[in-house]
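Structure first, then comments.
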Amino acid sequence: MTPVLAASALILAFTLCYAGLCVISPFGNCRKCRGFGYALKTDRRGRLRPGKTCRRCHGDRKRIRVGRHLFNVAVRLHHDGTR
């Protein structure tokens, strides 16, 4: 198998796996707070405490995946264009 064919097969496999993940689980953990919903901070004794609510997910702890967002945009564009 040539290196170009192997790379193409690897990219295709990765794309199909990510598309399947977006179908099965359209929401993933927030990348900024790692799914906690708030920033972790330490008190004076060094113990972890909840801090401010995450600005990216607004404390919901989940964000829509990029692939699912692109799929939703494509479906909405197709729906609006064929009315």
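Every number here is computed from the coordinates shown, using simple stated rules; none is lab data. Computed from a predicted structure; not experimentally measured. When we count neighbours, we look across all protein chains shown, and the Cβ atoms used for this are built from the backbone with ideal geometry, even at glycine.
Side notes on the structure shown:
- Scan of the stretch 1-20 for residues that are of a type in the set (A, V, I, L, M) and either touching a Phe, Trp or Tyr at 6+ places or on another chain (Cβ under 9 Å) or outside any helix (DSSP H, G or I) (or both), ordered by number: MET1, ALA19
- CYS22 being surrounded by 11 or more Cβ atoms within 10 Å (Cβ to Cβ) and either aliphatic (A, V, I, L, M) or in contact with a Cys (Cβ under 7 Å, 6 or more places away or on another chain) (or both): no
- Any hit, the stretch 57-76, residues being surrounded by 14 or more Cβ atoms within 10 Å (Cβ to Cβ), touching a helix residue (DSSP H, G or I) at 6+ places or on another chain (Cβ under 9 Å) and either of a type in the set (Phe, Trp, Tyr) or on the phi > 0 side of the Ramachandran plot (or both): yes
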